[in-house]
1. Using θ = phi - 60° and the Karplus curve 6.51 cos²θ - 1.76 cosθ + 1.60, what whole-Hz ³J(HN,Hα) does each residue of the stretch 87-94 get, with Gly and Pro shown as x?
2. Can you give the calculated 222 nm mean residue ellipticity of the chain, where each DSSP H run of n ≥ 4 adds -39,500 (n - 2.57) and the sum is split over every residue, rounded to the nearest 500 deg cm²/dmol?
3. For Ile77, which sequence-distant residues (separation of 5 or more, or a different chain) have an amide H within less than 5 Å of its own amide H, given hydrogens modelled in the peptide plane?
4. Mind pulling the angle between the C-alpha long axis of helix 8-23 and the longest principal axis of the chain? Nearest 10 degrees, somewhere in 0 to 90.
5. Please say if the stretch 56-128 is rounded, prolate or oblate, where rounded means a/c under 1.5 for a ≥ b ≥ c the square roots of the C-alpha gyration tensor eigenvalues, and otherwise the choice is prolate for a/b larger than b/c and oblate otherwise?
6. At q = 0.14, 0.23 Å⁻¹, what log₁₀ I(q)/I(0) does the chain have when each alpha carbon counts as one equal point scatterer in the Debye sum?
7. Give me, ordered by chain and number, the residues 5 or more places off Leu112 or on other chains with an amide H under 5 Å from its own placed amide H.
8. Using only the alpha-carbon atoms, how far is helix 40-53 inclined from the longest principal axis of the chain? Give it as 0 to 90 degrees, nearest 10.
Amino acid sequence: MMKGTDTAMDLETLRHSVENDIKNYRYSSSGNTVGTAWSEERIEAELAAMRAALVSPYWADVELRDTHEQIATEQAILRKCAIVADDLKGTILAFDPIENGFLLAVKQKDALLTIGVRGDAVGCFMAR
């Protein structure tokens, strides 16, 4: 992963990194998990949805609301994150340059709020 800064070059590199993650994604199920493994068709549909949701990355303030403490705090901690995908249903995939990872945020009024889902780009997007 890359450390992010507020430059167009970094955003373009981030976009290519996410596209590469989608292209090279391989779903694996160990058999030791709870629930039913996703079908190949479901995985392909999710990857297609992610490709369609990709946006030209841009910087936006995201309210950190991952933990109980953050949720209970009236004054949210804002983090400048790079928005990389929008499913047009209210869920955003963003890159957090401080944590050097991806997260899901939801649109609520005029704000973006994290929802406690963090990890790799594809895994986060599929968790929406």
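Read-outs throughout are calculated quantities, based only on the coordinates presented, and are distinct from any laboratory measurement. Since we're looking at a predicted model, the values are computed, not measured.
1. 7, 6, 10, x, 10, 10, 9, 10
2. -9500 deg cm²/dmol
3. Under 5 Å from the amide H of Ile77 lie the amide H atoms of Leu64, each far enough along the sequence or on another chain.
4. The helix 8-23 is inclined about 20 degrees to the chain.
5. Rounded, because the longest to shortest axis ratio a/c is under 1.5.
6. The calculated log intensity ratios at q = 0.14, 0.23 Å⁻¹ are -0.63, -1.39.
7. Here the answer is Glu63, since their amide H atoms fall under 5 Å of that of Leu112.
8. The helix 40-53 is inclined about 30 degrees to the chain.
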